[in-house]
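Enquirer: There's a structure below that I have some questions on.
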Amino acid sequence: MRYKNAEPGEGVIQGLSYHLDDGYCTLRWSWPPGLQAVYIHRAMDDGFGQPASDPQPGGMRLYTRDEYKANNGYRDRLDGIGQITYTVYALSSEDGEMALIRQPDETNSIRFSTGKARLVYSIREKSRWLQPYKTIEIQVTAEVPVPKEALCYVKKQGAYPVNKEDGILYPFVTDFAAGRNVLPAIEVGKNDYVRLFFTDGRKYGQRYELVYR
């Protein structure tokens, strides 16, 4: 099966909407005349990037118009946390060959959040008497895997930083696994203070909740 771009006047998916209820999502859309089946693709954005190529039909759900009528839409169980995208592809037949219709205006796609994953971090300080330095130990407990690009730590002299611009920013070099992550200890000045922040609050703040304890 191949993909083709929608042509003017061709029957395409319109009015795609969703409804959330007790861990389930129900999709509804307007069927163009004559269309009897669609392919539905679901993609969970885990923050590690998504493949740019078209998805393979084998990884999608074939859904008929009769099933849609019987269920008053397409109902799917949500079993992840983060940003999710559903795309409904109309089927086209040309010379006996089936094709999935790509809609450049993306009216056949819908994206929403299923909730934020919690990232709980703590910072322990160890210092010795009369030493000019202290050791910082950072621990991050994550509900889901998190890419290293999502977080950074900021060091400030004299007070705790209040945002990522309020001091010297340092990136992390490894991704965070789901569960408890104990990071290698770092050495800072005795009057330095450290906090964690999102590298991009608008982007990653939609996926994660950062909590200090």
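The values are calculated or read from the model by the stated rules, or taken from the named source; none is laboratory data. Since the model is a prediction, treat every value here as computed from it, not as a measurement. Every residue, glycine among them, receives a Cβ derived from its backbone with ideal geometry; neighbour counts consider all protein chains shown. Keep in mind that these areas ignore ligands, DNA and RNA; they rest on the heavy atoms of the full protein, side chains included. Shrake-Rupley method; radii C 1.70, N 1.55, O 1.52, S 1.80 Å.
Enquirer: Would you check which residues across region 84-113 are acidic (Asp, Glu) and either surrounded by 17 or more Cβ atoms within 10 Å (Cβ to Cβ) or not in a loop (DSSP other than H, G, I, E, B) (or both) and list them?
Expert: Here is the first cut: in region 84-113, the ones acidic (Asp, Glu) are 94-95, 97, 105-106.
GLU94, GLU97 - these are the residues of region 84-113 that are acidic (Asp, Glu) and either surrounded by 17 or more Cβ atoms within 10 Å (Cβ to Cβ) or not in a loop (DSSP other than H, G, I, E, B) (or both).
Enquirer: For residues that are under 27 Å from LYS203 (Cα atoms) and in a loop (DSSP other than H, G, I, E, B), scanning just region 138-158, find the one that is least open to solvent (accessible area, probe 1.4 Å). Full working, then the answer.
Expert: From region 138-158, those under 27 Å from LYS203 (Cα atoms) are 138-156; that's our starting set.
Narrowing the set further to residues that are in a loop (DSSP other than H, G, I, E, B) leaves 143-145, 147.
Working: GLU143: 99, VAL144: 33, PRO145: 66, PRO147: 2 Å².
For region 138-158, the residue satisfying everything is PRO147.
Enquirer: Report yes if ILE81 is over 17 Å from LEU196 (Cβ atoms) and either touching a Cys at 6+ places or on another chain (Cβ under 7 Å) or not in a strand (DSSP E or B) (or both), otherwise no.
Expert: Values: over 17 Å from LEU196 (Cβ atoms): yes; either touching a Cys at 6+ places or on another chain (Cβ under 7 Å) or not in a strand (DSSP E or B) (or both): yes.
Criteria met by ILE81.
Enquirer: Yes or no: region 114-137 includes at least one residue that is among the hydrophobic types (A, V, I, L, M, F, W, C), open to solvent by less than 10 Å² (accessible area, probe 1.4 Å), closer than 30 Å to ARG75 by Cβ and part of a strand (DSSP E or B).
Expert: Applying the first criterion (among the hydrophobic types (A, V, I, L, M, F, W, C)) to region 114-137 yields 117, 119-120, 123, 129-130, 136.
Now narrow it down to the ones that are open to solvent by less than 10 Å² (accessible area, probe 1.4 Å): 117, 119, 136.
Checking which are closer than 30 Å to ARG75 by Cβ leaves us with 117.
Okay, now just the ones that are also part of a strand (DSSP E or B), so 117.
Yes, there is a match, as at least one residue in region 114-137 is among the hydrophobic types (A, V, I, L, M, F, W, C), open to solvent by less than 10 Å² (accessible area, probe 1.4 Å), closer than 30 Å to ARG75 by Cβ and part of a strand (DSSP E or B).
Listed here are the residues, each with its yes/no results for (1) of a type in the set (D, E, K, R); (2) in a loop (DSSP other than H, G, I, E, B); (3) free of Cβ contacts under 8 Å to residues at least 24 places away in the same chain.
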| position | (1), (2), (3) |
| --- | --- |
| VAL12 | no, yes, no |
| GLY34 | no, yes, yes |
| VAL38 | no, no, no |
| HIS41 | no, no, no |
